[in-house]
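> I am attaching a structure below and will ask some questions about it afterwards.
The values are calculated or read from the model by the stated rules, or taken from the named source; none is laboratory data. Note that the structure is a prediction, hence the values are computed from the model and not measured. When we count neighbours, we look across all protein chains shown, and the Cβ atoms used for this are built from the backbone with ideal geometry, even at glycine. Calculation scope for accessible area: heavy atoms of the full protein, side chains included, ligands and nucleic acids excluded. Shrake-Rupley method; radii C 1.70, N 1.55, O 1.52, S 1.80 Å.
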Amino acid sequence: MEGIYLVHLMVMVLSLGLLAGALCQVDDGSDNETTAVYIITLKQAPASHYYGKLRKNTNVFKHGVPRNPNQFHNRRDNSRSNWSSSSYVARVHDSLLRRVLRGEKYLKLYSYHYLINGFAVLVTPEQASKLSRRREVANVALDFSVRTATTHTPQFLGLPQGAWVKAGGYETAGEGIVIGFVDTGIDPTHPSFADDISLNSYPVPSHFSGVCEVTRDFPSGSCNRKLIGARHFAASAITRGIFNSSQDYASPFDGDGHGTHTASVAAGNHGIPVIVAGHCFGNASGMAPRAHVSVYKALYKSFGGFAADVVAAIDQAAQDGVDVLSLSITPNRRPPGIATFFNPIDMALLSAVKAGVFTVQAAGNTGPSPKSMSSFSPWIFTVGAASHDRVYSNSIILGNNVTIHGVGLAPGTDEDTMLTLVSALHAVNNETTVTTDMYVGECQDSSNFNQDFIKGNLLICSYSIRFVLGLSTIKQAVETAKNLSAAGVVFYMDPFVIGFQLNPIPMSVPGIIIPSPDDSKVLLQYYNSSLERNETTKQITKFGAVASILGGLKANYSNSAPKVMYYSARGPDPEDSFLDDADILKPNLVAPGNSIWAAWSSLGTDSVEFQGENFAMMSGTSMAAPHIAGLAALIKQKFPSFSPSAIASALSSTASLYDNNGGPIMAQRAYANPDLNQSPATPFDMGSGFVNATAALDPGLIFDSSYDDYMSFLCGINGSSPVVLNYTGKNCLSYNSTINGTDLNLPSITIAKLYQSRTVQRSVTNIAGNETYKVGWSAPYGVTVKVVPARFSIASGERQVLSVFFDAIMNSSIASHGRIGLFGDQGHVLNIPLSVIVKVTYNTTTNG
C-alpha cells in the first residue's frame, strides 16, 4: 500500500464558493437504496467563463464572511461580492430543484458556480431523468469513485546548482506561487510547512483569496504564511453513510499521511532533518521550497472518495487563485461515453486551465500493461514514475561466507562478530505450537516464544502475504525481537509471495528483509543444515548457523537511473472505453516517484511501518506528480505570463532521454523481477522523457495551445457536439473549424492511424534571444518523415511554423517511434517525440 495504493475519494460541504444547499426533509423510514449522487450541469456558463483571468483580481472573487464566524480562519480582508454571486447561483439551483421535484425528497450536496455552473444532488434515477429533460439542464452525470494513484531528488534533478540558482537560491525558489493539492489533507504542525524558518519577508500572494477551516482537529492558527489555505470536502461520501468523522477527520487534517507527503515533495521547506526510527537520513526539501500551499482534502483513508467531491475541490481551488493544481488521483474506471475526455473531473480541469491554472495529475499505478493510462486529456499534464540514483542496500553474511542482499533501513550488527541464527519456529514456548498458531513464524507476539533461546541471537521470521495485506507488520516483529532481547531480526520471504516489491522499511534494531524467495531458500538451507539434533529425540541441541548483518542505513548513489517503474501506467492514451487509441501522447513525462522521502502526518495511518514518524518513504506516480507541480511553480515564478500549455511545453520539450550513465532510459516491463525484464523506454512509457529541471527554466522555444484549441479538438470528436454543449455551454458551430489530437500544438506528435500520408504542423514561439535552429529527425519504423524548414532563424518573440510530412511505407499495427530535434546555436535543445501506431500504405493488407 505504501504510496502505490487505491483510495476511493470523497468530499465535504464546508465551502463558501461551493455552497451546501438546504437539506430537504427525509422520512426516517424512506427507502434510499435506489438513490445515487448525480452531477447536474446547467447550460448557463459558470463565473470563470465570464470573467476568465479576473480570478486573479482579489476584488472580484473572494470568499465572504461565513454564516458561522468560527467556521473559517482567514487573516486577509475579504470582499462580500463573491459571497453574493455564489449565493445567487445557489438560490437558482435550489429554485430549479423545487420546481422540478415539487414535493419530492432529495438532498443537494454542492452548488458549483466557478468552473462549472451546476450542482451535485442525491436523487433517484427517475428524478435524475426529470432533471435531464429540463431546458436549463445541459448534462446529468452519475457520480463515480476515484483513487490515488524528498531528501535526495532535488540533488538528482540538479536544483541546487541549476533551477534554484536561476530562481535566486532556495530561499526564494517558488516565492509568490500558490500550489493547490487535492489529496488527503495536511498536518499543519509539520516543520515542512512552518513559515518562520527564514528571516526574509514571506508575504501571502495578493491574488490568492482562500481561507482555512477551523475545527477541533484544525484549530485557529493552523495556517500561516506558508500554508495559506485549507478545506475539506466529503458531502458525497456522507450521503452514502460511510464517513466516520472520528477516523477520517472532518477537517483538513491529514489522518492518512499521503497528502502531507505530496505537499512536502512539491513545496516543503528546505533543510528539514529526516529522522526515522531514531536514524538520520539527511535533510528534506520540496522542489519549490518557498512556494505557498493550499490544500483541498478530498481523499480519506477508510473509504477514499467520489467525483462530486473532487469537482467541488477543483472548483474551489481555481476560485481561490491557485497557480498550480496537483492531483494524485485517477478514476477507478475509464469514463463511459464517446470519449474518455468527457468526464466531470477532466472537464472541470479544462475550465481551470482556461482560468490559468496549470494542472498536474498522476498517471496511475496500473502499469506496465499498454493502455493502462488513467489520465487522459491533453490539457492535463500527466506524470509517470521513475527511479532515481539513490538506493538503500542491506546484506547479511552467513557463516559459510555466502552474502545475501536484502532491504531494510536498519543498523548492522558488530561487523567483527558472527551471531547465532535462531528460527522463530524453533524458539516457541511450551504453550505454543505451529498447530495452535500457524502464523507464529511471523513473530507478531513475544509471548509465544522462549526468551532463553532468542536472547542475544538473530531471530529469523517469515514474511508472508499477511504483511502485504497489513495483517502482520515489520514494526510488530521488531517489537517482539526487542522484548525478547534479540540482537537483531532476519526476515525471509514466504515462497507464496511471488515478485512482491519491497520499499526499504525502517527498523530500530539490526535487521534485514530478504525479498527473493530463492535467496530465502539459501538462508534456510544453511540454517537447517547447521542444526545439531539428538539422534533419538530429534530435539535441537545446538543452533549452529551464524551470521552478521551489514546494515542498510547508508545510501548508495551509483544506481543506474532513471528507469520507468513497472507500476507506472503506460500509453497509448485510450480515447474511449473500447480502448481505441487517441492522437494524444500520455504520459507527458516521468519524474522521480520511487522510494521518495517526504513529510508524514503525525497521525498518518496509510503505512503502518511509518506510524508515529515525521517522514516516510513512499513510491508511486502519486509521488512523481508533485515533483512536477513544484517545478512548474519555479517556471511560473520566472515566467508569470506563461499559460498552462507553455509551462507544459517547457517541461516536455527539454526532458532528458538518457540515464546518468549516458545510456537510454530503460522501462521495467514486468511486476515480477522488474530489473530482469526491462528494455529501452518508448514515448508510451515515459512521454517526452525524464524531467530536466534546469533546462525547463530556459526552454528557448515553446509550443502554446489555448482553451479554444482544446474546444476545437473536443468538437472534432465524432458525435461530440451535444456533449461539448452539455459540459461547457459552448456550441461547436461557433468554432469555424475543428481539429483532431494530432493537430493540437503539443510538443509531441501522435498518430493513431496513418493512412498513406499526412502533414502535421507545429508552431513555436521564441521566448529567448535571437537564435538559429537546425532541425534533425529520426523516423518511426515503417514511416518516412520530412520536416520543413530544416533550418530557421527566429527573433525574440517571433513564431515559426514547422511542417512535418509523414508517409507510411509498410502496413503494420505495431506502434513505432521517432523524434524531431531542434538544435539552437545559443545552446537550446528541444525534442519532439513522434509516435505512429497503425500504418497503412496503398496496399491495405496488414502485417503484424
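Residue by residue, here is whether (1) aromatic (Phe, Trp, Tyr); (2) open to solvent by 50 Å² or more (accessible area, probe 1.4 Å); (3) farther than 19 Å from Leu744 by Cβ; (4) in a loop (DSSP other than H, G, I, E, B) holds:
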position	(1), (2), (3), (4)
Ser763	no, no, no, no
Ser793	no, yes, yes, no
Phe805	yes, yes, no, no
Gln826	no, yes, yes, yes
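> Also, quick follow-up: Does Arg819 fit the bill of being touching a helix residue (DSSP H, G or I) at 6+ places or on another chain (Cβ under 8 Å), of a type in the set (D, E, K, R), at pLDDT 95 or above and open to solvent by 40 Å² or more (accessible area, probe 1.4 Å)?
no
> Within segment 372-428, considering only strands (runs of 3 or more DSSP E) that don't extend past its boundaries, which have at least 2 residues that are open to solvent by less than 10 Å² (accessible area, probe 1.4 Å) and in contact with a Leu (Cβ under 8 Å, 6 or more places away or on another chain)?
By residue number, 381-386, 394-398, 419-423.
> Sticking with this one: Any chance you could count how many residues in segment 512-544 are under 26 Å from Tyr392 (Cα atoms) and either assigned to a strand (DSSP E or B) or not aromatic (Phe, Trp, Tyr) (or both)?
Count: 13.
> Being modelled with pLDDT of 80 or more and farther than 20 Å from Val121 by Cα is true for just one of Ile329, Ile314. Which residue is that?
Ile329
> With a cut-off of at least 1 residues that are among the β-branched types (Val, Ile, Thr), modelled with pLDDT of 90 or more and open to solvent by 10 Å² or more (accessible area, probe 1.4 Å), name the helices (runs of 4 or more DSSP H) lying wholly within segment 652-740.
Correct list: 693-696.
> If I filter segment 211-267 down to residues being open to solvent by 10 Å² or more (accessible area, probe 1.4 Å) and among the hydroxyl-bearing types (Ser, Thr, Tyr), which single residue comes out as farthest from Phe306 (Cα to Cα)?
Across segment 211-267, the extreme among qualifying residues is Ser220.
> Could you pull out the residue among Ala266, Ala307, Ala288 that is in contact with a Phe, Trp or Tyr (Cβ under 7 Å, 6 or more places away or on another chain) and either hydrophobic (A, V, I, L, M, F, W, C) or farther than 26 Å from Ala632 by Cα (or both)?
Ala307
> I need a count of the residues in segment 486-508 that are modelled with pLDDT under 95, surrounded by 17 or more Cβ atoms within 10 Å (Cβ to Cβ) and assigned to a loop (DSSP other than H, G, I, E, B).
Number of matching residues: 9.
> Moving on to the next point. In the set Ser245, Ser198, which member is within 28 Å of Phe119 (Cβ to Cβ) and of a type in the set (Ser, Thr, Tyr)?
Ser245
> Okay, next question. Tell me, which helices (runs of 4 or more DSSP H) lie completely within segment 185-269 with 3 or more residues that are under 28 Å from Gly282 (Cβ atoms) and under 25 Å from the mean Cα position of the chain (by Cα)?
258-267
> Would you confirm whether any residue within segment 624-631 is in a loop (DSSP other than H, G, I, E, B), modelled with pLDDT of 90 or more and buried (at least 24 other Cβ atoms within 10 Å of the Cβ)?
No, every residue in segment 624-631 fails to be in a loop (DSSP other than H, G, I, E, B), modelled with pLDDT of 90 or more and buried (at least 24 other Cβ atoms within 10 Å of the Cβ).
> Only residues that are in a loop (DSSP other than H, G, I, E, B), open to solvent by less than 50 Å² (accessible area, probe 1.4 Å) and out of contact with any helix residue (DSSP H, G or I) (no Cβ under 7 Å at 6 or more places or on another chain): list them for segment 552-568, please.
Scanning segment 552-568 gives Gly552, Ser560, Ala561, Pro562, Met565, Tyr567.
> State all residues of segment 558-594 that are touching a Ser or Thr at 6+ places or on another chain (Cβ under 6 Å) and within 22 Å of Val274 (Cα to Cα); if no residue qualifies, say none.
Correct list: Pro592, Gly593, Asn594.
> Now for a different question. Just checking, how many residues over segment 355-371 are under 14 Å from Asp323 (Cβ atoms) and either outside any loop (DSSP other than H, G, I, E, B) or under 15 Å from the mean Cα position of the chain (by Cα) (or both)?
3
> Condition check: assigned to a loop (DSSP other than H, G, I, E, B), under 17 Å from Asp320 (Cβ atoms) and either modelled with pLDDT of 85 or more or open to solvent by 50 Å² or more (accessible area, probe 1.4 Å) (or both). Does Gly176 satisfy that?
It is true that Gly176 is assigned to a loop (DSSP other than H, G, I, E, B), under 17 Å from Asp320 (Cβ atoms) and either modelled with pLDDT of 85 or more or open to solvent by 50 Å² or more (accessible area, probe 1.4 Å) (or both).
> Taking the stated definitions as given, is Gly286 surrounded by 24 or more Cβ atoms within 10 Å (Cβ to Cβ), of a type in the set (Gly, Ala, Ser) and within 16 Å of Pro188 (Cα to Cα)?
Spelling it out, Gly286 is indeed surrounded by 24 or more Cβ atoms within 10 Å (Cβ to Cβ), of a type in the set (Gly, Ala, Ser) and within 16 Å of Pro188 (Cα to Cα).
> Pick out the one residue from Leu109, Leu97, Leu131 that is crowded, with 24+ Cβ neighbours inside 10 Å, outside any loop (DSSP other than H, G, I, E, B) and modelled with pLDDT of 80 or more.
Leu109
> Which condition number does Lys297 fail, the rest of (1) basic (Lys, Arg); (2) under 20 Å from Met623 (Cβ atoms); (3) open to solvent by 10 Å² or more (accessible area, probe 1.4 Å) being met?
(3)
> For a quick check of your reading of the model, give me the residue pairs whose first member lies in segment 685-710 and is more than 29 Å from Ala815 (Cα to Cα), whose second is among the basic types (Lys, Arg) and not in a loop (DSSP other than H, G, I, E, B), with beta-carbon atoms closer than 7 Å and at least 6 apart or on different chains.
That search, which allows pairs on different chains as well, returns Leu697/Lys166; Leu697/Lys638; Tyr707/Lys354.
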